[in-house]
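Q: After the structure tokens below, expect a handful of questions from me.
The values are calculated or read from the model by the stated rules, or taken from the named source; none is laboratory data. All values derive from a computational prediction rather than experimental measurement. Cβ placement follows ideal geometry from the backbone for every residue including glycine, while neighbour counts extend to all protein chains displayed.
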């Protein structure tokens with residue numbers, strides 16, 4: 001996969017994290033530097049662990065010959081995962097969960113780690129697809145680190161200043177990014193249409 005596909009794919013997945021951080025940002029009175037650093041480290045760490053876990057397992061399956069054509073299998077898996085993740089984000093946008101908002105002095109890791117962990121399982125599925133197609137691992141690590149930090153910062157500050165209603169837009173944008181990358185992979189690589 002190209003670096004642009006990887007960038008858009010990771011950004012689409014992490015817009016779910018943006019929404020979670022936006023909710024957390026709406027509930028705190030003031031952002032502290034230590035809070036921001038911890039949130040960025042937790043999100044980036046979880047995303048990397050899950051991505052690398054999926055990548056390593058599927059890369060070993062591909063390299064050791066357990067699959068007949070790992071490239072085509074990985075591309076098909078990537079399209080399926082991206083479509084399903086996009087549907088999941090649209091469902092979350094339509095659902096518009098009620099959030100019991102209450103002010104707090106600081107961000108509590110256990111309040112958002114569950115949401116980030118669920119998002120990380122989807123990152124593991126993408127890592128698996130990338131493992132089959134042999135994506136450059138250092139490129140993805142860099143993209144995950146940068147996008148994770150940007151999504152956490154963006155979500156926290158958006159929530160702090162504007163509340164948590166922008167999360168619906170984040171879900172829709174994330175779904176469109178994921179579907180766009182999925183369509184591009186499907187048209188260019190699977191059916192060789194374009």
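Q: So residue 67 clears everything in (1) closer than 23 Å to residue 5 by Cα; (2) not in a helix (DSSP H, G or I) except one condition, right? Which one?
A: Failed condition: (1).
Q: Find the residue count for segment 53-75, including only residues that are touching a helix residue (DSSP H, G or I) at 6+ places or on another chain (Cβ under 9 Å) and modelled with pLDDT under 85. Steps first, answer last, please.
A: Our first condition is that a residue be touching a helix residue (DSSP H, G or I) at 6+ places or on another chain (Cβ under 9 Å); within segment 53-75, this holds for 53-63, 66-67, 70-75.
With modelled with pLDDT under 85 added as a condition, the list becomes 62-63, 66-67, 70-75.
Count: 10.
Q: So the check is Cβ under 9 Å with 6+ separation or different chains; which pairs have a first residue in segment 64-80 that's under 17 Å from residue 8 (Cα atoms) and a second one that's modelled with pLDDT under 80 and surrounded by fewer than 17 Cβ atoms within 10 Å (Cβ to Cβ)?
A: As it stands, the answer is 75/190; 79/190, since those pairs meet every condition given.
Q: Taking the stated definitions as given, is residue 156 in a helix (DSSP H, G or I) and closer than 30 Å to residue 32 by Cβ?
A: Criteria met by residue 156.
Q: Follow-up. With the condition kept exactly as written, say whether any residue in segment 30-52 is in contact with a helix residue (DSSP H, G or I) (Cβ under 9 Å, 6 or more places away or on another chain), surrounded by fewer than 22 Cβ atoms within 10 Å (Cβ to Cβ) and assigned to a loop (DSSP other than H, G, I, E, B).
A: Within segment 30-52, one or more residues are in contact with a helix residue (DSSP H, G or I) (Cβ under 9 Å, 6 or more places away or on another chain), surrounded by fewer than 22 Cβ atoms within 10 Å (Cβ to Cβ) and assigned to a loop (DSSP other than H, G, I, E, B).
Q: Among the residues of segment 161-194 satisfying the criterion of being touching a helix residue (DSSP H, G or I) at 6+ places or on another chain (Cβ under 7 Å) and exposed (fewer than 15 other Cβ atoms within 10 Å of the Cβ), which is nearest to residue 12 (Cα to Cα)?
A: Per the stated criteria, the residue is 190.
Q: Does residue 133 satisfy the condition of being at pLDDT 75 or above, surrounded by 14 or more Cβ atoms within 10 Å (Cβ to Cβ) and within 22 Å of residue 169 (Cα to Cα)?
A: Against the criterion (at pLDDT 75 or above, surrounded by 14 or more Cβ atoms within 10 Å (Cβ to Cβ) and within 22 Å of residue 169 (Cα to Cα)), residue 133 does not qualify.
Q: Of all residues in segment 135-160, how many are in contact (Cβ under 8 Å) with a residue 12 or more places away in the chain and more than 23 Å from residue 56 (Cα to Cα)?
A: Residues meeting the conditions: 11.
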